Amino acid sequence: MIAYILRRLLYAIPILIGVNVVTFGLFFLVNTPDDMARMQLGVKRVTPEAIAGWKQERGYDKPLLYNDKAAGSARLTDTIFFEKSLRMFVFDFGRADDGRDIAREIRLRMGPSLAVALPSFIVGLLIYITCALAFAFFRASYVDFWGVVACVIAMSVSSMFYIIGGQYLIGKLWHLVPISGYTGGPDAWRFIVLPAAVGVISSFGASTRMYRTFFLEEISKDYVRTARAKGLAESAVLFRHVLKNAMIPILTGVVVAIPFLFIGGLITESFFGIPGLGSYTIDAINSQDFVVVRSMVFIGSLLYIAGLLLTDISYTLVDPRVRLS
Amino acid sequence: MNPHVTPRLFAPGLAVALLVLAGCGVANWNDPYPASQSGQNILYSSFSERPKHLDPVQSYSSNEIVFTAQIYEPPLQYHYLKRPYTLIPGVAAAVPEPYFLDANGYRLPASAPARAVAYTVYEIRIKHGVMYQPHPAFARDAAGAYRYHALTESEIASRNVLADFSETGTRELKAQDFEYEIKRLAHPRLHSPIFGLMADYIVGLKEYADTLKQANEALIKRGERDAWLDLRKYPLSGVEVVDDYTYRIRLKGSYPQFQYWLAMPFFAPVPVEVDRFYGQPGMAKKNLTLDWYPVGTGAYMLTENDPNRQMVLERNPNFHGETYPTEGEAGDAERGLLADAGKALPFIDKLVFTLEKEGIPRWNKFLQGYYDNSGISSDTFDQAVRFGIEGEAGVSDSMREKNIQLSTSVAVATYYMGFNMLDPVVGGGADPASRERARKLRQAISIAIDYEEFISIFQNGRGIPAQSPIPPGIFGFRDGAAGINPVVYDWVNGVPRRKPIEAAKKLLAEAGYPNGLDAKSGAPLVLYYDVTARGAEAKSILEWYQKQFEKINIQLQVRPTDYNRFQDKIRKGNAQIFDWGWHADYPDPENFLFLLHGAQGKVKSAGENAANYANPEFDRLFEEMKNMPNSAARQQLIDRAIAILREDAPWLWGYHPKDYVLYHAWYRNLKPNKIAYNTVKYQRIDAALRAERRQAWNTPQWWPLLLMLTLLAAFAAPAVLTWRRHERATAAA
């Protein structure tokens, strides 16, 4: 397995380079270094000299990909792409265009993102699996019918509706938790409850329906009939056999999402005032801060690769027949 | 699984959860602030965009000056209550009267014509005994040496925030601090937005920037890119420190508007100790910079800088003894704005600004009493504002129930639609006949676009149609019949009335486009409107514009683009018709009329004249007017200049926006000030009243949750019973 993991990690390097090239290309397709300078310097009374100075200080006065005025390898290395990309592979993200240390920002913002995403993820998973099992158990009954109806309705509603509706009902009308905001320490839970609950409810429909399908597929298999014929209690059939055998398709979607909990939710964080990495990314896109955008895309790619690797490893844990080689 | 476990645990579990909630120590469960702040003398406000800069030489945006104006104190400030806006001393002892010199350095009389003035000198005396806020940069050890000016790499590495420096100190404000800040305008690493402008006026500043650039490059060559650049080593000829409390600034020529710049943070003092402290290699990487932790002598100091969440300012314990003004304009006493006359400032102990990116949560928290004031978005306008029989704005019944007050004021700003005068169709080109045709075309469009309707539909009535670039409240603005734009309006029954559309059609025909068709080719006239790419909500505005142009049979093609490309088009002169706006830096007509000065042409000189308008007569009048004090003669020149502009119509004059602000009954001494931002020190909070109202408005409602749980239980009960029956049946079998 170790050889497999090492091989997968080595595969990650060309993927990350590719992602970096694509990010670089897309970003500079719509933004020029002059645009970035103007964004940082403001729109009033900005002189061409100030723009030139800003670019020079941050190394944006160089060619993007190829420096035909340089000699030898400097033609490739004395460029914006090389200088802004190489250090990232040793996790030196440098400073944002507004001068702030990106690594420190990421460290500070990871906590709030995780504080909201983790409870939402765990509680959500428990609720979705429990409900899906219940619907599967009571299949073709009123519980299953109305449960599926509820899931379809829940799936059809935009996540924005849940956010605004949650803030309106729970925060504004019922005065149970703050509408938005965040604080660290023991008081943090008051700010986490609502976004986490909204996160759980907004994914309820799609996830529960999907898991219900997995369980129904398992329930119709021969080993379940055999278990029941042996006189096993239904709870034992469901929890000891069906749940365990349905874990592989569930894990496919779940484990890959775990690393992304660090990144948080873009819209949720913005609406609830959570100072996490999701809102950091949105701010960077709005302020045309290439260094931050590139860093966040890099981290996102890395986490995705890690998620896929974890998924593969988790298969071996739930299904002894799976071997990584 | 035991089916009896869940119900048995559920009720006590819920009870424990409720007890935990009840005992969590906050006054209201939805209170976003810590319980320890309850009843305290704190102002709660919000910001929607994190400030980019807090360094006084860099900060220029309105979302930054909200913070910097409370911290830094420039030499001058604006009177809080008087209108028109009046300059008064800030940390200066008096408002300086400039004196003039000829080319040989001889003093000229105050009445000397501007063309005779070679230099203007501002001699500024500052108050004695003004102290800086406590800051580690001033901390000294027992031997008198600065405690934190020679930190090692490891000492810096162990510190992440300013609070990690345990010792602080202070010192008295000196004239040298103002000199140091002016030098920083030319700092090669800081890129001050006003450097270009000031280099044209402050003697020697341009050369000083070259000197600093060379010094900086020498450091880079030595591999000391981050090393501190000590500006004291390099003298600046245009600034002279006379003594510890007096300094002089020498300007080229005459520039009366300079006094307004002296009321902006760009000219606030920065002590060399602070620059030395933050300039240590490694500090910037930790965000330990003046841009992150400002240092000043103002009423407040920044104690928490977390722009991702919250910015907190607290009363500066060393603030000098400023008092509330004892006089204002007519009606201020009746409005209770002089009740605190003569009392020591500031009144509020702490300012808490919370990041709220979205309007809906911000609005709802204001209604719950968790923000003391709020703007009004289009979405909430109908909920907040009602217009009376005579069109006067007031709060709605639901706002009145909460005793929420409304404050309205016309912004010192103008939003206009510009014509690119370099465009052959709307600008006219070089041929006089073509220019005349284009002028008539612009006049026709000026009549056709009904800004009264625009303001009513899209601004909820929050604006007044502009008659010229100069908004109300600025010298040069004329009200009534004398103030209307005669090209577009007639004065009828005491009010301006837009000319009939037939007048526009007639002008269009004279321009060579009868009925919207080119008289020569017969082709329909198509104009191009360049806008930044906007969402669905802007679609109705764009369609409205197209309909306005259709009134005179002109086809308007909308060319949406992203903001970068839009700016690029404006810079290169590739746009034809575009929207633009300007918020004043200072209350002087020069700050609006310069937007049409030929020397400011965007294409020609990268200036602020986005329309690239150039009229020699207007330019001459502008040059003459800008150096004059406010007087009848100046008004006359402005009138003549505006008459030219109205006739040439390089802009559709658009509108001057009106700001509507709601505030709670516990927020006192609030008077809109569209120029000054250091106004929090005059304001007052009745914290007891706020606590009482918050308590009354935010009683937790548990019954909906309990109802939902009951319904869920009722839904699940038959299923649970079935389950249990099923389990028992299996066991029996």
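The values are calculated or read from the model by the stated rules, or taken from the named source; none is laboratory data. All values derive from a computational prediction rather than experimental measurement. Positions of Cβ are backbone-derived with ideal geometry, glycine not excepted, and every protein chain shown enters the neighbour counts.
Here A:PRO275 meets the list (1) within 14 Å of chain B (Cβ to nearest Cβ); (2) out of contact with any strand residue (DSSP E or B) (no Cβ under 9 Å at 6 or more places or on another chain) almost entirely, failing just condition (2).
Being farther than 18 Å from A:GLY273 by Cα, assigned by TED's automatic domain parsing to the domain that holds A:PHE271, touching a residue at least 60 places away in the same chain (Cβ under 8 Å) and of a type in the set (A, V, I, L, M, F, W, C): is that true of A:ILE201 here? So A:ILE201 does not fit the description; no. Kindly indicate whether A:GLY53 is closer than 16 Å to B:LEU190 by Cα, out of contact with any Cys (no Cβ under 7 Å at 6 or more places or on another chain), within 11 Å of chain B (Cβ to nearest Cβ) and of a type in the set (Gly, Ala, Ser). So A:GLY53 fits the description; yes. Within the stretch B:407-426, none of the residues are within 14 Å of chain A (Cβ to nearest Cβ) and of a type in the set (Phe, Trp, Tyr).
Output the residue which, of all residues in the stretch A:69-100 that are acidic (Asp, Glu) and under 31 Å from the mean Cα position of the chain (by Cα), is nearest to the other protein chains (Cβ to nearest Cβ). I'd like the intermediate steps shown before the answer.
The first filter runs over the stretch A:69-100 and keeps only residues acidic (Asp, Glu), leaving A:78, A:83, A:92, A:97-98.
Pick out the ones that are also under 31 Å from the mean Cα position of the chain (by Cα) and you get A:83, A:92, A:97-98.
Details: A:GLU83: 14, A:ASP92: 11, A:ASP97: 9, A:ASP98: 5 Å.
In this case the residue turns out to be A:ASP98.
Cβ-Cβ distances below 7 Å connect the following pairs, each with a first residue in the stretch B:241-262 that is in the same structural domain as B:TYR122 (by TED's automatic domain parsing), a second residue that is outside any loop (DSSP other than H, G, I, E, B) and of a type in the set (Lys, Arg), and a separation of six or more residues or different chains: B:VAL242/B:ARG248; B:TYR245/B:ARG125; B:THR246/B:ARG125.
For the stretch B:558-566, check the following and say yes or no: at least one residue is farther than 30 Å from B:SER631 by Cα, modelled with pLDDT under 95, surrounded by 19 or more Cβ atoms within 10 Å (Cβ to Cβ) and out of contact with any Cys (no Cβ under 6 Å at 6 or more places or on another chain). Taking every residue of the stretch B:558-566 in turn, at least one turns out to be farther than 30 Å from B:SER631 by Cα, modelled with pLDDT under 95, surrounded by 19 or more Cβ atoms within 10 Å (Cβ to Cβ) and out of contact with any Cys (no Cβ under 6 Å at 6 or more places or on another chain). Of all residues in the stretch B:599-611, those satisfying the criterion of being surrounded by fewer than 20 Cβ atoms within 10 Å (Cβ to Cβ) and either part of a helix (DSSP H, G or I) or not acidic (Asp, Glu) (or both) are B:ALA599, B:VAL603, B:LYS604, B:SER605, B:ALA606, B:GLY607. Among the residues making up the stretch A:26-50, those that are touching a Leu at 6+ places or on another chain (Cβ under 9 Å) and at the interface with chain B (Cβ under 7 Å from one of its Cβ atoms) are A:ARG45, A:THR47, A:ALA50.
Here B:ASP164 clears all of (1) surrounded by 14 or more Cβ atoms within 10 Å (Cβ to Cβ); (2) in contact with a Ser or Thr (Cβ under 8 Å, 6 or more places away or on another chain) except the condition numbered (1). The number of residues in the stretch B:568-598 being in a helix (DSSP H, G or I), within 14 Å of chain A (Cβ to nearest Cβ) and touching a strand residue (DSSP E or B) at 6+ places or on another chain (Cβ under 9 Å) comes to 7. Do we find that A:ILE285 is on the phi < 0 side of the Ramachandran plot and modelled with pLDDT under 90 in this structure? Criteria met by A:ILE285.
Kindly indicate which of B:TYR60, B:TYR78, B:TYR72, B:TYR44 is modelled with pLDDT under 95 and either under 23 Å from the mean Cα position of the chain (by Cα) or farther than 30 Å from B:PHE258 by Cβ (or both).
B:TYR60
Is at least one residue of the stretch B:175-186 within 13 Å of chain A (Cβ to nearest Cβ), in a loop (DSSP other than H, G, I, E, B) and surrounded by fewer than 17 Cβ atoms within 10 Å (Cβ to Cβ)? The answer is no; no qualifying residue exists.
Go through B:PRO84, B:PRO89 for me and flag whichever is assigned by TED's automatic domain parsing to the domain that holds B:THR246 and at pLDDT below 95.
Answer to the check: B:PRO84.
Exactly one residue among A:ARG104, A:ARG139, A:ARG109 is of a type in the set (Lys, Arg) and assigned to a loop (DSSP other than H, G, I, E, B), and that residue is A:ARG139.
Of the helices (runs of 4 or more DSSP H) entirely within the stretch B:619-733, those holding at least 1 residues that are in contact with a Gly (Cβ under 8 Å, 6 or more places away or on another chain) and within 14 Å of chain A (Cβ to nearest Cβ) occupy B:687-697, B:703-732.
Considering A:THR226, A:THR252, A:THR311, the condition of being surrounded by fewer than 19 Cβ atoms within 10 Å (Cβ to Cβ), at pLDDT 90 or above and in a helix (DSSP H, G or I) is satisfied by A:THR226 alone.
Here's the yes/no breakdown for (1) surrounded by 22 or more Cβ atoms within 10 Å (Cβ to Cβ); (2) without any contact (Cβ under 8 Å) to a residue 12 or more places away in the chain:
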| site | (1), (2) |
| --- | --- |
| B:GLU73 | yes, no |
| B:HIS128 | no, no |
| B:ALA139 | no, no |
| B:ALA145 | no, yes |
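Scanning the stretch B:612-623 for residues that are at negative phi, surrounded by 17 or more Cβ atoms within 10 Å (Cβ to Cβ) and touching a residue at least 24 places away in the same chain (Cβ under 8 Å) yields B:TYR613, B:ALA614, B:ASN615, B:PHE618, B:PHE622. Scanning the stretch B:304-339 for residues that are modelled with pLDDT under 95 and polar (S, T, N, Q) turns up B:ASN305, B:ASN308, B:GLN310. Elements of the type strands (runs of 3 or more DSSP E) sitting completely within the stretch B:420-532 and holding at least 1 residues that are crowded, with 17+ Cβ neighbours inside 10 Å, in contact (Cβ under 8 Å) with a residue 40 or more places away in the chain and assigned by TED's automatic domain parsing to the domain that holds B:LEU652: these cover B:463-465, B:495-498, B:526-532.
Counting only strands (runs of 3 or more DSSP E) wholly contained in the stretch B:238-310, the ones carrying 3 or more residues that are away from every other protein chain (no Cβ under 14 Å) and surrounded by 20 or more Cβ atoms within 10 Å (Cβ to Cβ) occupy B:246-252, B:300-306.
Yes or no: A:LEU169 closer than 30 Å to B:ASN698 by Cβ and within 10 Å of another protein chain (Cβ to nearest Cβ)? When the stated conditions are applied, A:LEU169 passes them. Out of A:GLU217, A:GLU269, one residue alone is assigned to a helix (DSSP H, G or I), out of contact with any Pro (no Cβ under 8 Å at 6 or more places or on another chain) and among the acidic types (Asp, Glu). It is A:GLU217. Note on the stretch B:22-41: among residues that are surrounded by 17 or more Cβ atoms within 10 Å (Cβ to Cβ) and at the interface with chain A (Cβ under 9 Å from one of its Cβ atoms), the one that is modelled with the lowest pLDDT is B:VAL26. So, of the residues in the stretch A:26-68 that are assigned to a helix (DSSP H, G or I) and among the small types (Gly, Ala, Ser), which turns out to be nearest to the chain's Cα centre (by Cα)? So the residue we want is A:ALA37.
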